[in-house]
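Below is one structure; the comments refer to it alone.
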Amino acid sequence: MKKQPPERLQSFSIELLEQILQSTTEGIMITNEKMQITMVNNAFETLTGYRSSEILGKYPNILQSGKQDADFYKVMWSKIRSNGSWRGEIWNRRKNGEIYPEILSIYSVFDKVGQLTNYYGVFSDISIEKETEKELEELTQSDLLTNILNRNAFNELLFEKVNNSIHSHAILFIDLDRFKQINDTLGNEVGDQILIEVTNRINSIAGSSDIFARYGADEFVFSRSNIEYQKEAANLAKDITKLFNKPFLINDTEVYVTASIGISIFPQDGKDIEKLINKADKAMYFAKQNGRNQYAFYFDDLKKDSKRIIILEAELRKAIQNKDFFIYYQPKIGLAKQDIIGVEALVRWNNVKLGFVSPAEFIPIAEDTGLIIPLSEVILEKVCLDILESRSQGKIHILPVSINIASVHFQQDDFIERINSILMQYNCSPHLLELELTERTVMKDSDDIVNKLVKLKAMGFKISIDDFGTGYSSLSYLNRFPLNYLKIDKSFIQQITNLQDKQAIVETIILMAHRLHIKVVAEGVETIGQVKLLQQMGCDIIQGYYYSKPLAAKELMDFIELWEIYRQERNI
């Protein structure tokens with residue numbers, strides 16, 4: 001965008017503009033058309049260490065760190081010349097020689113006849129964000145208790161290994177049998193010691209090209225590459241099972257633990273990582289149901305009945321056409337005032353042929369078949385109708401409703417026009433709605449996504465990142481997005497009272513979000529221990545079964561009334 005000095009600024013005094021320029025916390029540098037520095041502000045001096053008198057008349061390359069090559073600057077200046085601006089992350093050097101990262105925006109300035117007169121740059125130091133990001137990356141890549149890879153790291157490494165691979169790979173899903181009983185009877189400390197010893201034993205047979213990770217509380221995953229025969233995977237499972245023959249000696253007490261193992265094979269059981277792990281998980285449950293302490297391969301009969309899937313898809317199409325869905329709402333509680341600050345809309349479906357169908361079953365089918373877009377629009381219509389119903393009943397204060405937006409739906413070119421059309425049809429204000437987008441959808445970080453979010457925010461929608469933490473992304477770029485809320489995935493929340501690494505990740509995310517003025521929602525909260533810990537961490541909002549399960553619209557109204565009575569009684 002080519003900048004021209006706005007005429008309306010001429011009505012303000014030079015002294016006022018100078019005071020604003022010098023008081024901003026972002027560094028500002030102005031050059032002439034020949035790139036000689038003509039002015040810098042106070043923040044520039046603070047951030048770079050150079051005084052104004054030392055820098056005037058010089059060129060911006062005095063700040064270059066050497067970390068970017070000539071091609072980087074060639075592309076940058078090409079964009080400035082073609083677009084009139086550039087924005088990105090860059091490493092520069094302070095006067096004392098220290099190299100630091102910054103977010104920099106550069107703009108061209110033209111006079112009324114289109115003649116280039118100046119350039120100016122605006123930048124901010126993101127060193128703290130980078131350090132926090134590095135710490136969080138370490139936390140999100142390793143399991144703090146066992147010091148091996150965690151779920152995220154396993155998924156990434158396995159994807160790299162099998163992507164475009166022509167070889168077979170075995171995925172083993174390992175679950176400790178009756179481990180909950182050990183925790184309940186001997187305590188979590190003993191349970192942790194056993195998990196560490198299990199890790200050490202399995203690690204002892206892991207090869208250099210194997211991938212071994214802790215996947216959940218008492219779940220581990222193991223991948224072996226380039227297997228020629230299925231028997232090799234079976235032998236590996238037998239070797240792991242034998243590791244449990246010897247008792248675990250904990251505090252002079254012998255504890256016997258066994259493991260059930262499920263196996264899936266790439267590519268015969270599929271090429272998608274999540275599906276392969278899911279199939280290994282299903283095979284593990286089959287092994288567990290058939291006596292435990294054994295292994296089982298995934299086989300087709302473990303699939304859902306194919307006939308049911310065919311019927312389900314057909315019935316789903318009819319249900320979307322007839323709008324045969326209903327909405328439940330789960331309250332979100334603000335921890336500061338213990339008030340209900342909003343609700344999340346959750347779709348439900350009760351079919352004549354199939355009975356109640358779980359969203360966990362029909363949502364993936366809707367996504368696979370492309371039905372998720374019309375389904376999402378039906379959900380939005382249903383929410384608007386419930387809001388209208390509340391308004392007709394004289395409800396003065398209507399709670400904001402958050403709605404999940406599928407990635408493929410958001411990526412449609414006419415997404416904004418379609419949802420705006422629905423809101424106009426039902427006379428429903430965007431200010432009453434919060435759009436929840438998954439981390440993976442938003443973090444693609446394209447200009448199109450940023451522009452869409454900016455437009456939606458300007459219309460009045462609140463914007464939320466859902467399932468944060470499941471697809472780790474650069475936190476330093478979160479400030480590019482006009483976000484109101486960041487929702488931490490329940491897989492972290494459910495284990496924060498037991499696992500220190502989950503606790504550390506959640507606390508880091510909360511601190512980082514607050515630095516960016518984003519409120520944090522914890523979902524999947526089920527215990528008082530989780531509530532108290534989240535409160536100590538400074539979490540803003542809680543959602544989960546501890547306060548309420550999802551409720552029908554009428555039940556929600558009753559819940560709100562009871563909650564207000566409860567609040568008033570507490571304040572007496």
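Taking the stretch 226-239 as the range and being in contact (Cβ under 8 Å) with a residue 60 or more places away in the chain and open to solvent by less than 70 Å² (accessible area, probe 1.4 Å) as the test, the residues that pass are Ile227, Ala233, Ala234, Leu236, Ala237. The set of residues in the stretch 240-252 being touching a residue at least 24 places away in the same chain (Cβ under 8 Å) and open to solvent by less than 70 Å² (accessible area, probe 1.4 Å) consists of Ile240, Thr241, Leu243, Phe244, Phe248, Ile250.
Is there a residue being modelled with pLDDT under 85 and crowded, with 18+ Cβ neighbours inside 10 Å anywhere in the stretch 110-129? Yes, the stretch 110-129 contains a residue that is modelled with pLDDT under 85 and crowded, with 18+ Cβ neighbours inside 10 Å. Filtered by the rule that a residue be open to solvent by less than 80 Å² (accessible area, probe 1.4 Å) and either at pLDDT 95 or above or under 18 Å from Pro101 (Cβ atoms) (or both), the stretch 65-77 gives Ser65, Gly66, Gln68, Phe72, Tyr73, Met76. The number of residues in the stretch 29-69 that are part of a loop (DSSP other than H, G, I, E, B), on the phi < 0 side of the Ramachandran plot and in contact (Cβ under 8 Å) with a residue 60 or more places away in the chain comes to 1. For the stretch 304-312, the criterion of a residue being assigned to a loop (DSSP other than H, G, I, E, B) and modelled with pLDDT of 85 or more is satisfied by no position.
Scanning the stretch 78-109 for residues being among the basic types (Lys, Arg), surrounded by 15 or more Cβ atoms within 10 Å (Cβ to Cβ) and in contact (Cβ under 8 Å) with a residue 40 or more places away in the chain gives a total of 1.
Of everything listed in (1) over 19 Å from Trp349 (Cβ atoms); (2) surrounded by fewer than 20 Cβ atoms within 10 Å (Cβ to Cβ), the single unmet condition for Phe410 is (2).
Just checking, does the stretch 353-369 include any residue being polar (S, T, N, Q) and within 21 Å of Lys332 (Cα to Cα)? Within the stretch 353-369, not a single residue is polar (S, T, N, Q) and within 21 Å of Lys332 (Cα to Cα).
Tell me whether the stretch 478-488 contains one or more residues that are in a helix (DSSP H, G or I), at pLDDT below 90, of a type outside the set (D, E, K, R) and buried (at least 17 other Cβ atoms within 10 Å of the Cβ). Within the stretch 478-488, one or more residues are in a helix (DSSP H, G or I), at pLDDT below 90, of a type outside the set (D, E, K, R) and buried (at least 17 other Cβ atoms within 10 Å of the Cβ). Counting only strands (runs of 3 or more DSSP E) that fall entirely inside the stretch 355-473 and contain at least 2 residues that are modelled with pLDDT under 90, the qualifying elements are 355-357, 462-468.
The values are calculated or read from the model by the stated rules, or taken from the named source; none is laboratory data. A quick note: this is a predicted structure, and the numbers were derived from the prediction, not measured. Neighbour counts are summed over all protein chains in view; Cβ atoms, including those assigned to glycine, are modelled from backbone coordinates with ideal geometry. Surface accessibility is based on the protein's heavy atoms, side chains included, excluding ligands, DNA and RNA. Shrake-Rupley method; radii C 1.70, N 1.55, O 1.52, S 1.80 Å.
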